1. Compute the long axis of helix 2-44 from its Cα atoms, compare it with the longest principal axis of the Cα atoms of the chain, and write down the angle in degrees, 0 to 90, nearest 10.
2. Name the residue from F67, F42, A17 whose Cα lies farthest towards the positive end of the charge dipole of the chain, charges +1 on Cβ of Lys and Arg and -1 on Cβ of Asp and Glu.
3. Count charges around I51 for me, please; just the other residues with Cβ under 12 Å from its Cβ, Lys/Arg as +1, Asp/Glu as -1.
4. Using the crude model of +1 on Lys and Arg Cβ and -1 on Asp and Glu Cβ, and no other charge, please compute the dipole size for the chain relative to its Cα centre, in debye to 20.
5. Given contacts defined as C-alpha pairs under 8 Å and at least six residues apart, what's the relative contact order of the chain, whole-number percent?
6. Under 25 °C and 0.890 mPa s, how fast does region 1-76 diffuse according to Stokes-Einstein, given a Kirkwood radius computed over C-alpha pairs? Answer in µm²/s, whole number.
7. Among the GluC sites (Glu not before Pro) in region 13-77, which ones are in a DSSP loop with at most 15 other Cβ atoms within 10 Å of the Cβ? Mind listing them?
8. Cut-off is 10 Å between beta-carbons; in what order do Y26, Y54 appear when sorted fewest neighbours first?
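Derivation of every value follows stated rules applied to the coordinates shown; laboratory data play no part. Model, not experiment: these values are computed from the prediction. Virtual Cβ from ideal backbone geometry, glycine too; neighbours counted across all protein chains shown.
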Amino acid sequence: MLNLLRAKKETAATRLAAENTRYLRYEIERSKCAIDTAQNHFEQVVDPTLIDCYIYELNAAQLRYQFLLRKFKSQEI
């Protein structure tokens, strides 16, 4: 009986870990898209104010991407 409870807990923990991994992968993909979008906007804009805006957007997206990658790699270990 005790082994059955342990198995259920391990299964739930495994399921949760897999769900977290899928979510992180999804967020990493979204961050890549945000980087690409900000880069494209930056390359096409001519207004100095908007240039600054897209520089900040690009930096923020890159930092988020790096954070998510570090988090993903720490889960894999």
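1. 10
2. Farthest along the dipole direction, towards plus: A17.
3. Charge balance in the 12 Å sphere: -4.
4. 840
5. On the way: 32 pairs, mean separation 27.7, N = 77.
That works out to 36 percent.
6. For the chosen part, D equals 166 µm²/s.
7. Values: sites: E19, E27, E29, E43, E57, E76; in loops: none.
Those that pass, being in a loop and sparsely packed, number zero.
8. If I rank by nearby Cβ atoms, fewest first, I get Y26, Y54.
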